[in-house]
Amino acid sequence: MEERLLEIKDLHVEYVTDEARVFAVNGLDLTVNRGETVGLVGETGAGKTTTALSVMRLLPDLVGRITRGSIILDGIDITRATEADMRLIRGEAVSMIFQDPMTSLNPVMTIGEQIAEVLHLHEKYDTKEEVEHRVDEILRLVGLPPERKGEYPHQFSGGMKQRVVIAIALACEPKLLLADEPTTALDVTIQAQVLQMVRELKEKLNTAMLLITHDLGVVAQTCDRVGIMYAGEIVELGTAEQIFQKDERHHPYTVGLFGSIPDLTRKTRRLSPIEGLMPDPTDLPPGCRFHTRCPHRMPVCEVESPRPSYNGGHLIRCHIWDDRRCSQ
Ligand code: SF4
């Protein structure tokens, strides 16, 4: 039976500044089981990174705050944990790979020191020799020669730096890995290598992963389940097969996302992008958040927020597919 590792319920996150109140995540529900890979897909500003930062409790101080909901990770409610608890949870229960390896590493510490720092923090090993041995082991695991552990980040290429970031994230073998666009800053050939390595390591260590991306190709190769995010909500969630199956029911936003990528099986002169822009998160529209761009909108969409409807494990939040409203 699948064992639940992460359970996010009704999560609301806001950023408050002197000028504005930004509603970044608005009632998000999501689960990740042990060993499972779940993809979170959506445009920039959909709330994907904010969701991951909430799980790490790394929202910017004084500005970002969780206003409602719970995040249960391995039985612990992250929203109620103290900062001292979080220092132990980060790295050991959950780790994050950030988008840009150039800014994730400390330029004045060798890569070996940066990996060892995580091990010291979690008091994983008693002696210096044991720590050094583990650093060598992790470097080998991510395909880097241990002899280079005395070198600094600027001495490595972009792909190698991202391997170091992954090594730091996996040093304590966390149960959950949050990967926020882990290959966006890399060129295409290196992207494929890094993704392949993350998949292999995940299998080896039975780590669950929440993969944040806007690349549907990466999702197809990597994820068991996929959540499509729009304006801080999950509008569709299902297995990768359900999301990628053309003749399944889909949310109009998902249809729009797939319509805006090239289809090699069809001859088309132009791609069909989704018209318009994501709504201003300081002033979200009432009803369905997607109604300002939706080609199928109905009068009800402008006033009433759609409830999630389920078909097996496949969730869609749209009035068209709400069987309580209209039977198919
Ligand atoms: Fe479009 Fe209405 Fe469905 Fe929203 S609820 S996606 S506006 S049809």
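Of all residues in the range 291-321, count the ones that are more than 8 Å from the ligand (Cβ to nearest atom), in contact with a Ser or Thr (Cβ under 8 Å, 6 or more places away or on another chain) and not in a strand (DSSP E or B).
Final tally of qualifying residues: 1.
How about the range 228-276: which of its residues are over 26 Å from Leu210 (Cα atoms) and open to solvent by 60 Å² or more (accessible area, probe 1.4 Å)?
If the condition is that a residue be over 26 Å from Leu210 (Cα atoms) and open to solvent by 60 Å² or more (accessible area, probe 1.4 Å), then Asp247, Leu264, Thr265, Arg266, Lys267, Thr268, Arg269, Arg270, Leu271, Ser272, Pro273, Glu275 are the ones that fit.
Being modelled with pLDDT of 95 or more and open to solvent by 80 Å² or more (accessible area, probe 1.4 Å) is the filter here, so list the residues in the range 66-106 that pass it.
Correct list: Arg68 only.
Tell me which residues, restricted to the range 193-250, are among the basic types (Lys, Arg) and more than 17 Å from the chain's Cα centre (by Cα).
Within the range 193-250, Lys204, Lys246, Arg249 qualify.
The conditions are (1) free of Cβ contacts under 8 Å to residues at least 12 places away in the same chain; (2) in contact with a Ser or Thr (Cβ under 8 Å, 6 or more places away or on another chain), and Gln155 fails exactly one of them. Which is it?
For Gln155, the exception is condition (2).
Return yes or no: is Glu203 surrounded by fewer than 16 Cβ atoms within 10 Å (Cβ to Cβ) and farther than 25 Å from Asp224 by Cα?
Spelling it out, it is not the case that Glu203 is surrounded by fewer than 16 Cβ atoms within 10 Å (Cβ to Cβ) and farther than 25 Å from Asp224 by Cα.
What's the number of the condition Ile228 fails, among (1) under 15 Å from Gly42 (Cα atoms); (2) modelled with pLDDT under 95; (3) within 16 Å of the ligand (Cβ to nearest atom)?
Of everything listed in (1) under 15 Å from Gly42 (Cα atoms); (2) modelled with pLDDT under 95; (3) within 16 Å of the ligand (Cβ to nearest atom), Ile228 misses just condition (2).
Does Thr282 satisfy being open to solvent by 50 Å² or more (accessible area, probe 1.4 Å), part of a loop (DSSP other than H, G, I, E, B) and modelled with pLDDT of 90 or more?
Spelling it out, Thr282 is indeed open to solvent by 50 Å² or more (accessible area, probe 1.4 Å), part of a loop (DSSP other than H, G, I, E, B) and modelled with pLDDT of 90 or more.
Could you name every one of the strands (runs of 3 or more DSSP E) located completely within the range 179-264 that has at least 2 residues being in contact (Cβ under 8 Å) with a residue 40 or more places away in the chain and of a type in the set (D, E, K, R)?
Here the list reads 233-239.
Hey, could you check the range 11-35 for residues that are assigned to a strand (DSSP E or B), of a type in the set (A, V, I, L, M) and out of contact with any helix residue (DSSP H, G or I) (no Cβ under 8 Å at 6 or more places or on another chain) and say which is nearest to Glu173 (Cα to Cα)?
Taking the candidates together, the pick is Val32.
Need pairs with beta-carbon distance below 7 Å; first residue over 17 Å from Leu121 (Cα atoms) and within the range 78-91, second part of a helix (DSSP H, G or I) and open to solvent by 10 Å² or more (accessible area, probe 1.4 Å); sequence gap 6+ or separate chains.
Filtered contacts from the range 78-91: Ala81/Ile89.
The values are calculated or read from the model by the stated rules, or taken from the named source; none is laboratory data. A quick note: this is a predicted structure, and the numbers were derived from the prediction, not measured. Cβ atoms come from the backbone with ideal geometry, glycine included; neighbour counts cover every protein chain shown. Accessible surface is based on the protein model in full, side chains and every heavy atom, while ligands, DNA and RNA are left aside. Shrake-Rupley method; radii C 1.70, N 1.55, O 1.52, S 1.80 Å.
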